[in-house]
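Peer 1: Got a structure for you, questions after.
The values are calculated or read from the model by the stated rules, or taken from the named source; none is laboratory data. What you are looking at is a predicted structure, and each value in this text was computed from that prediction instead of being measured. Note: ideal-geometry Cβ built from the backbone for every residue, glycine included; neighbour counts use all protein chains shown.
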Amino acid sequence: MLLAAGVDVGSTQTKAVIAGERDGFRLLGRALVDTGSNVQRAAENGFLAACREAAVAPEEVGYVVGTGYGRYKITFGHAQMTEISCHARGAHFLFPATRTVIDMGGQDAKAISVGARGEVLDFVMNDKCAAGTGRFLANAAEVLGLGLDELGPLSLAARHPVKITTVCTVFVESDILSYLAQGKQAEDILGGVHLAIARRTVSLARRVPLEAAITMTGGVARNLGMVRALEQVLETKLEVSPGAHFAGALGAALFALEKMDAGMKAGNRRPADAILAG
Amino acid sequence: MPTATDHLVERCREVVEDLSLGEVRRWKQEHPQAAAIGYFPVYAPAELIHAAGMLPVGLNGAGDRLDLQHADARFGSFICSIIKTTLEMGLTGRLAPLDGVLFTGICDSARNLAFVCERNFPQQSIEFLHLPQNPASSASAGFLKGEYQRLAGRLEQLGGRKIDDRGLQAAIALYNENRALLRALYAQRAAQPHQMRTLDLYLVMRAGNFVPVETHNAWLREALAELASPAAKPRDSLRIVIEGSFCEQPPLDLIRLIEDAGCYILDDDFLLGRRWFSEDVPVNGDPLGALAESYLDRSVYSSVRHDFRHRRHLLLVEKARRLGAQAVLFLIAKFCEPAYFDYVLFKRELEAAAIPHLLLEFEEKAFTFDRLRTEIETFVESLLFD
Amino acid sequence: MRSSPAEARPSAPRRLYAGGVDVGSAFTKAVILAGPAGAAAALEPAAAAEFAARAQILGRGAAKTGVAMEKAARAALEQACEQAGLDDAELDYIAATGLGRYSIGFRNIQITEITSDACGAHFLFPGARTLLDIGSQSTRAIGLSETGRVHQFKTNDKCAAGSGSFIVRAARYLQIPLEAAGELALEADQPQPISSICAVLAESEIINHVSAGATVPNILAGIYDSLADRSALLLKRVAAAEAVVLVGGVAHQRGAVRALERRLKIPVQVPENCEYTGALGAGLLGLRRAAAAAGATA
Amino acid sequence: MPASIPSEYRGRMHQAQRELMQRWYERLEESARSGNPPAVSLMIAGNCVELLEGFGAVPLYPEINALQLAIRHASLAPILAAEELGYAADNCAYVKADIGALLQGLTPTGTRLPTPALVLCNFVGCNTYVKWFEHCAEFQGAPLTLLDVPFLRTDEPRAEDVAYIVRQLQEIVAQLEAITGRRFDAERFREAVRCAARVEEAWSRIKHLARRTPSPFDAYFDAITLMGPLYVYRGRPEGVAFFELALEEMEAKAARGEGLYDQENFRIVIEGPPPYPFFRAFRDMFAAWKAAPVASTYSTVGGLWEFGFRHDPDRPFESLALHMLAHNVTNRNYLQRYQQIRRYVEEWDADGVVIHFVKSCRLFSAGQGDMRDYFTRQLGIPTLYLESDLEDPRYFSTAQIRNRMDAFFEALEHARATGTHRRGAALVRANGPAPGDEPAKVAAGPTLRILD
Ligand SMILES: Nc1ncnc2c1ncn2[C@@H]1O[C@H](COP(=O)(O)OP(=O)(O)O)[C@@H](O)[C@H]1O
Ligand SMILES: Nc1ncnc2c1ncn2[C@@H]1O[C@H](COP(=O)(O)OP(=O)(O)O)[C@@H](O)[C@H]1O
Ligand code: SF4
Ligand code: SF4
Ligand code: SF4
């Protein structure tokens, strides 16, 4: 079997996917590690972990495409592609009807307009200021003493979301603290935080056509509260795969397979949700 | 118990805060054949629109009451708020009661906005008026008169009544009265700033953007009789003049905050277009010519009107001295390039004249003012507790 | 809170005591001051200022601001009182400053942190004309008159780049104690530039530097340089300074001081208890008010 | 000017360009020394440099100084100096760099610059420019006058507008006569207009050469090299000689079938000014993808000639007026700019549009999001939106810009690989809306051939 890998070295987390081609596309393994301070090491660790899960030897992998902000640091990679191309490709694979991708990661947010074949038509991204990104949420979680995975569910319980005034990821802390001091409920504060980010993201995303189906990818897609907040502001439903976090790595793996000249046949694709949900 | 003043002010606040232009909709229901024409700041010859039997509607943004969802994408970073809130109002259908919108070339952003509106609101007629910037030329008055004629022609095409001299003179007289009343209110406040809340004055003035000038004149007469509360005790506040808010308007809460933080506002340039002429426009003779000449020779100075014959920075110093102001507060809309530029020369001149000043930036869409409050308080403290 | 302390202690010409509380975004600081002996009658403003200039610092206290600002203020004040050997009921006047100044119910007056900083710095360095305060969330540049009056100031926008929290986060990232950061930076031989204007995004640059093998001191020095750049911009908009007094918590960090000195090419003075400058200034202004009103209460 | 602009192609014209620009600085220094020739400050946008020839006066373009400083990586210090004076972080950095340099006595080439005999603010579109000139005059103590050019707010320029401008031009002639003590030489002026028409013809032909595949001419980066002589020497025989030489070289290149790269991969239209402090880096990013800039709006700031307009020696004043009014990008309205770009995509056969948003210049950038919406949503033309600044190095992030650029070209490549790729007229037709979908204002062709 032809084996390929996609490694998405994000600012926060590194995602790796091992894929193969036999009677169509097969997703064999995936892994998630914190990027930490050694980008190169994180890339290696992610890749090796995914190989272990796929039960293949690293040498068997014929082609590796790196993506994400640390893609140039992947020493073992064969090619690099931008995360924009990879998220578009991954999202299209997960939901072939995708026309817009909203990717929210640790340090940036982007919106990508894609064509019928998953090709990028247009995109915007916010990467000068961390306001309104996963980091914003991570900070909020820290201040409230919550785990990342508790954020979303709690925010959904909000009845009177507060108005969040700051957009700065660092200073959202003090906003939250002052609301706590006023006796506001954590869920209302979180509701406000989620809405604030959703508004910011949507106003960025509107720079591309925002046609349906809109698929959300990136780590923040794991946060159901954020998904709902975005849906509320957009007034439309989002497609979210349980494997949304891996969309970039998956896209990179798809490109890797293609580049390996294995020739991916359109008919052989199948939704990878089940596998990815793992 | 609410007083008559409270009542007037509350009524005006409702008119001002109604983002869907309820007053304009109502007027159009009452005048089914007539059109309403919006105009973007700073100055527009509302007299012409009135004389065509139409309702002139002043557009001054949407303040903090509108959540920007679309306009940010069209105008991007580093562009002032009023551009975006105005576009957002249009993109969300709030400008629908307007049959046309009139723009002038106050700045590069506003000019581009006019044409972005033209593309996005095909149902509305977008007009662009070029107000001459070289009043020293002998050709300017004739050009402006021609420009007004062109506008009059367009208004007539849009279903307006034929604009004749008599009708235009009557409209000018009404607007002369409107401006005279505003001048009187401003004079009242400058004389006894502790007796009149600037926010009240402001709301009554701004409500005039949405109602026929006759109605507004009645409101202003009422305000002149009742807005001041003679019993109010003077506080130990800093007497200031505000400069820089000629186009995008500071949020209402910010206007209130300035006084709460210890300032008396002797003069400001809020809604400058409503008080554009320093004297009455002559009503005898050629009215178009009179409007044009008044624009060139008898209007207030502004950062968006170029007149190299009179230097704005000297005029500001003169104004501050005349009113006995202790300081100048620059209240500048973020990303308002004309205001930023003028600040440099203003600052130099004020420093030479030993008049203290403070520069504050605001955005009409802002709704918390902790930092601004701190800055104003510090400024006041530094001058009052020396 | 204070009604008539004079009644509590009848021994007539007692000293006036004032407390200054600075409720900052991260820490709340309090200072207790005593006026010079022998003031009883109400003083004219100028005399009151002169009176306050001879005040004596009796105690200091600090607490984490946290969510309950008033509680933090009490804690800081109590700690300061303890050091001063006073009961808080003996204070004639309490002035609150800092971002939480309005939350302190027991204050007699609130004063902005800029006015307080200026007053405190003037007390410590009467010759100071330019002041820089780098706190956890904000940076302020202040130009002073000869009398310690604020005549120009600039504060940064709501952006953490260039303020103390940037350093706190960087230290956490580099896994070194905050207290050590300033000293470590002094060992730099090749500062690594940080180009991002965002304090959060700068972290990825920091990571890059780490993985490229840059030493911690060199990275820290780069961070301090970027901090200094931003402060310098602010300062330039206030005054052309010959020397600058640096206050606020970041002044503890010698790396920041050195970076500023290099960037500004002028000497940077740091008061001993730099983070208390605002509280001190508030206390001094409070003492002035107390002196001006003393006749009424005595 | 762009003496130091690195160019891929180095022909005789580059040498000639350097010499011409050097001579210009020498003339300015001469003016600074002796007052002869008199110098007159002028704005590049839709400039009327021909008029100055009637006085033997030399133009002083503050914009060229500003861009020179940026290209030489020397713009930050004067920008900071200007900010110290009270200019805002968000003021146009062109102005800040120029004013800062003025106050610091800094000039881009180290040669002296004269105090202008007149600061002539030809207000052709840019409001910021009026403030700029007002401040220049204030800080230099020079007389100031404004030539008010009505904005092109109607489809056709109006006779009233032309008459208004002509009248002011005559007033300026009188004013210049009084200031310089020289008589206006009407014949020399006419001759200058004649030269201009020849320069414009050659320039236009060069631009049309870029319609070939591969394009022999870089209509963005190299166009900037030619813009110096275009604005300084348009009314002079040296200018004619220069542009005819450049045309000859480009035609020869085209005849040999030479393009910008060994292989031309993509053809793009660029909207917006370049990031001068990172000129080279920016250019290299396009070169890395072998993307050829075949047309640009920035190169039409001083004048838009590729659609047919020429100055007319038989009606010199009127043609000056028409040029300022209608035949430059800054005084044309925003939708006319959309139309201009659309024509480039169609007629110059481009793959997509790159919109460079520059923070400083609201004239260019206010509304570029809507422009992008028009091209992507309404016409289906691939569009890349980049943000930085033309003068202030603090707003350029190499990594971010490269990332966006890579993604854009990856997408074009992918489209090619999957067979969905289209270009130029086919692109506009294939993805463009059905007739009638579009607001008429945008669909209407621009009226450009007024003089022929
Ligand atoms: N289990 C989780 N629940 C909710 N959010 C999560 C979870 N795991 C990660 N995230 C969010 O995802 C972000 C990281 O997203 P990712 O796409 O990996 O970013 P990057 O590629 O920049 O590293 C985190 O900042 C966090 O907000
Ligand atoms: N012991 C210390 N050593 C080094 N730096 C410190 C120390 N304490 C505080 N800081 C720095 O000072 C900042 C807080 O300063 P402070 O003036 O107290 O701010 P605020 O008034 O906003 O709470 C912190 O963000 C940190 O960078
Ligand atoms: S506001 Fe906060 S998140 Fe944004 S650039 Fe500044 S530090 Fe970064
Ligand atoms: S606020 Fe200033 S920049 Fe904005 S539209 Fe008005 S004049 Fe132009
Ligand atoms: S705003 Fe644009 S056109 Fe105007 S001076 Fe600045 S860079 Fe030039």
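Peer 1: List the residue pairs whose Cβ atoms are under 7 Å apart, where the first residue sits in the range D:111-131 and is within 9 Å of chain B (Cβ to nearest Cβ) and in a loop (DSSP other than H, G, I, E, B), the second is within 14 Å of ligand 5 (Cβ to nearest atom) and of a type in the set (S, T, N, Q), and the two are 6 or more positions apart or on different chains.
Peer 2: From residues that are within 9 Å of chain B (Cβ to nearest Cβ) and in a loop (DSSP other than H, G, I, E, B), the pairs are D:Gly125/D:Thr330; D:Gly125/D:Asn331; D:Cys126/D:Thr330.
Peer 1: Looking at (1) surrounded by fewer than 24 Cβ atoms within 10 Å (Cβ to Cβ); (2) within 15 Å of ligand 1 (Cβ to nearest atom); (3) of a type outside the set (Gly, Ala, Ser), can you tell me which one A:Ile112 breaks?
Peer 2: (1)
Peer 1: Which of the residues spanning the range B:149-166 are at pLDDT 95 or above and crowded, with 18+ Cβ neighbours inside 10 Å?
Peer 2: Selection gives B:Leu151, B:Ala152, B:Arg154, B:Leu155, B:Ile163.
Peer 1: Same structure again: Could you tell me whether C:Glu78 is more than 16 Å from ligand 1 (Cβ to nearest atom), more than 14 Å from chain A (Cβ to nearest Cβ), surrounded by fewer than 18 Cβ atoms within 10 Å (Cβ to Cβ) and at pLDDT 95 or above?
Peer 2: Answer is yes for this residue.
Peer 1: Filter the helices (runs of 4 or more DSSP H) completely within the range A:133-244 down to those with at least 1 residues that are under 21 Å from C:Gly66 (Cβ atoms) and modelled with pLDDT under 90.
Peer 2: Because the criterion is at least 1 residues that are under 21 Å from C:Gly66 (Cβ atoms) and modelled with pLDDT under 90, the helices (runs of 4 or more DSSP H) in the range A:133-244 that meet it are A:134-144, A:172-181.
Peer 1: Another question, if that's okay. Does C:Ala240 fit the bill of being within 23 Å of C:Ser138 (Cα to Cα), within 11 Å of another protein chain (Cβ to nearest Cβ) and more than 16 Å from ligand 3 (Cβ to nearest atom)?
Peer 2: So C:Ala240 passes the test.
Peer 1: Taking into account only those residues within the range D:371-415 that are of a type in the set (Gly, Ala, Ser) and closer than 23 Å to B:Asn112 by Cα, which is nearest to the other protein chains (Cβ to nearest Cβ)?
Peer 2: So, considering only residues that are of a type in the set (Gly, Ala, Ser) and closer than 23 Å to B:Asn112 by Cα, the one nearest to the other protein chains (Cβ to nearest Cβ) is D:Gly380.
Peer 1: May I pose another question? Between a residue in the range B:366-386 that is more than 8 Å from every other protein chain (Cβ to nearest Cβ) and any residue that is modelled with pLDDT under 85, which pairs come within a Cβ distance under 7 Å, given they are 6 or more apart or on different chains?
Peer 2: Partner pairs satisfying both residue conditions: B:Ala366/B:Asp64; B:Leu384/B:Asp236.
Peer 1: Another question about this same structure. Take the residues of the range D:101-140 that are farther than 20 Å from D:Tyr25 by Cα and charged (D, E, K, R): which is surrounded by the fewest Cβ atoms within 10 Å (Cβ to Cβ)?
Peer 2: Going through the qualifying residues, I end up with D:Glu138.
Peer 1: Would you point out the residue of the range A:190-203, among those that are among the aliphatic types (A, V, I, L, M) and out of contact with any Gly (no Cβ under 8 Å at 6 or more places or on another chain), that is farthest from A:Phe171 (Cα to Cα)?
Peer 2: A:Val202
Yes/no matrix, rows are residues, columns are (1) without any contact (Cβ under 8 Å) to a residue 12 or more places away in the chain; (2) crowded, with 18+ Cβ neighbours inside 10 Å; (3) under 20 Å from the mean Cα position of the chain (by Cα); (4) within 16 Å of ligand 4 (Cβ to nearest atom):
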site: B:Leu224; (1), (2), (3), (4): no, no, yes, no
site: B:Ala232; (1), (2), (3), (4): no, no, no, no
site: B:Asp236; (1), (2), (3), (4): no, no, no, no
site: B:Ile242; (1), (2), (3), (4): no, yes, yes, yes
site: B:Glu248; (1), (2), (3), (4): no, yes, yes, yes
site: B:Leu252; (1), (2), (3), (4): no, yes, yes, no
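Peer 1: Can you find a residue that is buried (at least 24 other Cβ atoms within 10 Å of the Cβ), within 29 Å of D:Ile401 (Cβ to Cβ) and more than 10 Å from every other protein chain (Cβ to nearest Cβ) anywhere in the range A:145-161?
Peer 2: no
Peer 1: Taking the range A:245-278 as the region of interest, how many residues are at pLDDT 50 or above and either assigned to a loop (DSSP other than H, G, I, E, B) or under 22 Å from D:Ala411 (Cβ atoms) (or both)?
Peer 2: The qualifying residues number 16.
Peer 1: Which condition number does A:Asp175 fail, the rest of (1) touching an Asp or Glu at 6+ places or on another chain (Cβ under 6 Å); (2) farther than 22 Å from A:Arg207 by Cβ; (3) within 16 Å of ligand 3 (Cβ to nearest atom) being met?
Peer 2: (1)
Peer 1: Any idea which of (1) farther than 29 Å from B:Leu174 by Cβ; (2) out of contact with any Pro (no Cβ under 9 Å at 6 or more places or on another chain) is the one B:Gln33 doesn't satisfy?
Peer 2: It is condition (1) that B:Gln33 fails.
Peer 1: When the residues of the range C:50-73 are filtered to those that are assigned to a helix (DSSP H, G or I) and under 18 Å from the mean Cα position of the chain (by Cα), which remaining residue is surrounded by the most Cβ atoms within 10 Å (Cβ to Cβ)?
Peer 2: Of everything passing the filter in the range C:50-73, C:Ala73 is surrounded by the most Cβ atoms within 10 Å (Cβ to Cβ).
Peer 1: Within the range C:73-92, work out how many residues are touching a Leu at 6+ places or on another chain (Cβ under 9 Å) and among the hydrophobic types (A, V, I, L, M, F, W, C).
Peer 2: Selection size over the range C:73-92: 6.
Peer 1: Further question: Here is a list of conditions, (1) within 14 Å of chain D (Cβ to nearest Cβ); (2) touching an Asp or Glu at 6+ places or on another chain (Cβ under 8 Å), and B:Leu323 meets all of them except one; can you say which number that is?
Peer 2: Unmet for B:Leu323, out of (1) within 14 Å of chain D (Cβ to nearest Cβ); (2) touching an Asp or Glu at 6+ places or on another chain (Cβ under 8 Å): (1).
Peer 1: When the residues of the range C:135-156 are filtered to those that are under 19 Å from C:Ile223 (Cα atoms) and in a loop (DSSP other than H, G, I, E, B), which remaining residue is nearest to ligand 4 (Cβ to nearest atom)?
Peer 2: Applying the filter and picking the extreme gives C:Asn156.
Peer 1: Something else now. Report the residue count in the range B:85-129 for those that are at the interface with chain D (Cβ under 10 Å from one of its Cβ atoms), within 16 Å of ligand 4 (Cβ to nearest atom) and either acidic (Asp, Glu) or farther than 11 Å from B:Gly38 by Cα (or both).
Peer 2: 17
Peer 1: Of the conditions (1) β-branched (Val, Ile, Thr); (2) over 20 Å from C:Ser25 (Cα atoms); (3) within 10 Å of the chain's Cα centre (by Cα), C:Ile134 clears all except one; give me its number.
Peer 2: Going through (1) β-branched (Val, Ile, Thr); (2) over 20 Å from C:Ser25 (Cα atoms); (3) within 10 Å of the chain's Cα centre (by Cα) one by one, C:Ile134 breaks only (2).
Peer 1: D:Ala366 passes all but one of (1) within 8 Å of chain B (Cβ to nearest Cβ); (2) of a type outside the set (Asp, Glu); (3) within 11 Å of D:Ile268 (Cβ to Cβ); which number fails?
Peer 2: Exception for D:Ala366: condition (3).
Peer 1: Could you tell me whether any residue of the range A:111-124 is more than 12 Å from chain C (Cβ to nearest Cβ), aromatic (Phe, Trp, Tyr) and either within 16 Å of ligand 2 (Cβ to nearest atom) or touching a helix residue (DSSP H, G or I) at 6+ places or on another chain (Cβ under 6 Å) (or both)?
Peer 2: yes
Peer 1: If you go through the range A:44-81 one residue at a time, how many are of a type in the set (Lys, Arg) and more than 14 Å from chain D (Cβ to nearest Cβ)?
Peer 2: 1
Peer 1: Have a look at B:Ala52, B:Ala71, B:Ala44, B:Ala36 and point out the one that is in contact (Cβ under 8 Å) with a residue 12 or more places away in the chain, farther than 30 Å from B:Val281 by Cβ and either crowded, with 24+ Cβ neighbours inside 10 Å or touching a strand residue (DSSP E or B) at 6+ places or on another chain (Cβ under 7 Å) (or both).
Peer 2: After applying the criteria, what remains is B:Ala71.
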